[in-house]
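Below you'll find the structure, written out as C-alpha cells, and then a few comments.
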Amino acid sequence: MTFEEIRALDEQYVMPAYSRFPVAVDHGKGATVWDVAGKEYIDFTAGIGVCSLGYDYQPWVDAVSSQAAKLAHISNLYYAEPYAKVAQKLCTRAGMSNVMFANSGAEGNEAMIKLARKYSYDKYGKGRGTILTLHNSFHGRTLATLTATGQDKFHDYFFPFPEGFRYADANDLDSVEAVAGHDVCAVMFELIQGEGGVLPLDRAFVSAVADLCEKRDWLLLIDEVQTGVGRTGSLFAFQQYGITPDAVSFAKGIAGGLPFGGVMASEKCRNVFTAGTHGTTFGGNPVGAAAACCVLDTIDQDFLDKVKEKGDYLRTQIEAMNIPCLGKTRGMGLMIGIEVKGDRTNRELAAALAEHGLLCLTAGPGLRLLPPLVISQEEMDKGLAILKNTLS
Ligand SMILES: *Cc1c(COP(=O)(O)O)cnc(C)c1O
C-alpha cells in the first residue's frame with residue numbers, strides 16, 4: 001500500500017486521538033527505518049523508548065518467534081518457564097524482591113499505586129491512601145495514573161477523577177512537606193521527568209524524600225517506565241541515585257517492542273498482593289517474557305557503559321553545533337532533552353527533521369531523543385548531520 005492509501009484507511013477507521021507525522025514506516029534494521037516508499041530515516045525515538053535493541057535484532061527475533069511457535073499465551077492460572085526466568089533476571093539485577101507483571105506503563109503504575117495502598121491498609125487500616133506525586137510528571141493514561149500525573153492539562157474532560165493524589169514541586173522538599181499529611185501512604189516520581197521535558201531530579205532532593213519516606217513509613221515508588229532497562233546507562237536509573245525504592249515500575253523498553261511491563265517490590269512489600277487481590281490476563285505473557293529475557297541478557301555492563309558513551313557523544317556533538325534554534329541539552333545516557341529556542345515550536349522542528357530523514361520526539365517544550373540503545377556510530381553521525389543541515 002502507498003502512504004496515501006494507508007493514511008486514508010487510518011483516517012476513516014481509527015479514532016483521531018493522535019496527531020501523526022506524515023510517515024508510514026514499513027520496516028527497520030538497527031536504528032534505521034524505511035517508509036513504504038523506501039525512504040530511509042535515522043530513528044532517534046525507538047518507538048518512544050520501546051525498541052531498546054532496535055529493529056530486526058536477530059537474537060530477539062529468534063527468541064520471540066520460537067516462543068510464539070511453542071506457546072504464545074497460557075494465562076496466570078499456570079506456570080511457564082519464560083515468565084519465571086524473566087522475573088528472576090529482573091529482580092536479581094535490580095536488587096528487588098519479586099515482581100507483578102502487566103502490559104504497559106500505566107498498568108505497572110496502577111499496580112504500584114494499589115500495592116502502596118494495600119501495604120498501608122494492611123498495616124494502618126483505612127484513611128491512609130493518598131499518594132504524593134510531582135508537578136510536571138507523567139504516569140500514564142488510565143484514570144488513576146492520569147490523576148497521578150501532575151499536569152493540569154491532563155485533568156480535563158474525564159470527570160470524575162479518582163481521589164487520593166496530591167502534588168508537590170520537584171526539587172523542593174518544603175513543597176513535599178507542605179502537602180504531606182496523616183492520609184499519605186507513598187510518594188511516587190520519575191527520576192528524570194520524561195514527557196515533562198527530560199528533567200532529571202536533584203540527587204539531594206531524591207535522597208531527602210527517601211529519608212522522609214523512611215521516617216513516616218511512606219513507600220518510595222519510582223516510575224522507571226521511561227528511565228528503566230538501560231536507557232540512562234544503568235539497568236535502572238535509581239541505581240545511579242543511591243536510593244532503595246520500595247517499588248519500581250517498568251514497561252517501555254523491557255521487551256524490546258512488545259507490550260510488557262509491571263512493578264517490582266522490595267522485601268517489605270513482597271507479600272502485599274495475595275491470591276486474588278490483583279491480576280491481569282496478559283500479564284507475564286510468554287512471548288513478551290521471552291523477549292524481555294533476551295533484552296536483559298543483552299544489556300550487560302559493557303552494553304551499559306556504551307549507552308553512557310553514546311549519550312555523551314550525542315550531547316557533546318549537538319552542543320558543539322551551536323544551532324541557533326537549539327539550546328542546552330540534558331539527561332542521562334540515551335535519554336536526552338534539548339531546549340528549543342526561537343519562533344518554531346518543538347513540534348515544527350520534529351516535523352522538519354522527519355521530512356529530512358530523522359525521527360525525533362518532543363517532550364515539554366523541547367526535543368527529546370530516545371534512540372535504540374544499540375544505535376551505531378554511523379547511525380549517530382548520520383542523524384547528527386541531518387539535525388545540523390535541517391536546523392542550522
Ligand atoms: C510512557 C510512560 C508511562 C505510561 O506508559 P504506557 O505504556 O503508555 O501506559 C508512565 N510513566 C512514564 C514515566 C512514562 O514515560
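Screening GLU195 with (1) assigned to a loop (DSSP other than H, G, I, E, B); (2) over 26 Å from LYS252 (Cα atoms) gives one miss only, at (2). Count of the stretch 172-192 residues, restricted to those that are more than 10 Å from the ligand (Cβ to nearest atom) and assigned to a loop (DSSP other than H, G, I, E, B), is 5.
The condition of being over 24 Å from GLN240 (Cα atoms), away from the ligand (no atom under 16 Å from the Cβ) and either in contact with a strand residue (DSSP E or B) (Cβ under 7 Å, 6 or more places away or on another chain) or part of a strand (DSSP E or B) (or both) does not hold for SER75.
Which members of the stretch 215-268 meet the condition of being charged (D, E, K, R) and within 14 Å of the ligand (Cβ to nearest atom)? The answer is ASP223, GLU224, ARG231, LYS252. Being of a type in the set (D, E, K, R) and free of Cβ contacts under 8 Å to residues at least 24 places away in the same chain holds for only one residue in ASP174, ASP169, and it is ASP174.
Looking across the stretch 35-56, just one residue is open to solvent by less than 20 Å² (accessible area, probe 1.4 Å), within 16 Å of the ligand (Cβ to nearest atom), of a type outside the set (A, V, I, L, M, F, W, C) and not in a loop (DSSP other than H, G, I, E, B), and that is GLY49.
If I ask for residues that are among the polar types (S, T, N, Q), more than 12 Å from the ligand (Cβ to nearest atom) and in a helix (DSSP H, G or I), which ones from the stretch 126-171 would you list? Within the stretch 126-171, THR147 is the sole residue that qualifies. The condition (being more than 16 Å from the ligand (Cβ to nearest atom), in the same structural domain as VAL206 (by TED's automatic domain parsing) and modelled with pLDDT of 95 or more) is satisfied by just one residue among LYS114, LYS89: LYS89.
Criterion applied to THR316, THR362, THR345, THR280 was being free of Cβ contacts under 8 Å to residues at least 40 places away in the same chain and crowded, with 17+ Cβ neighbours inside 10 Å, and the one residue passing it is THR362.
The values are calculated or read from the model by the stated rules, or taken from the named source; none is laboratory data. This is a predicted model, so every value here is computed, not measured. Heads up, the Cβs are rebuilt from the backbone with ideal geometry, glycines too, and the neighbour counts pull from every protein chain shown. All accessible areas refer to the heavy atoms of the entire protein, side chains included, with ligands and DNA or RNA removed. Shrake-Rupley method; radii C 1.70, N 1.55, O 1.52, S 1.80 Å.
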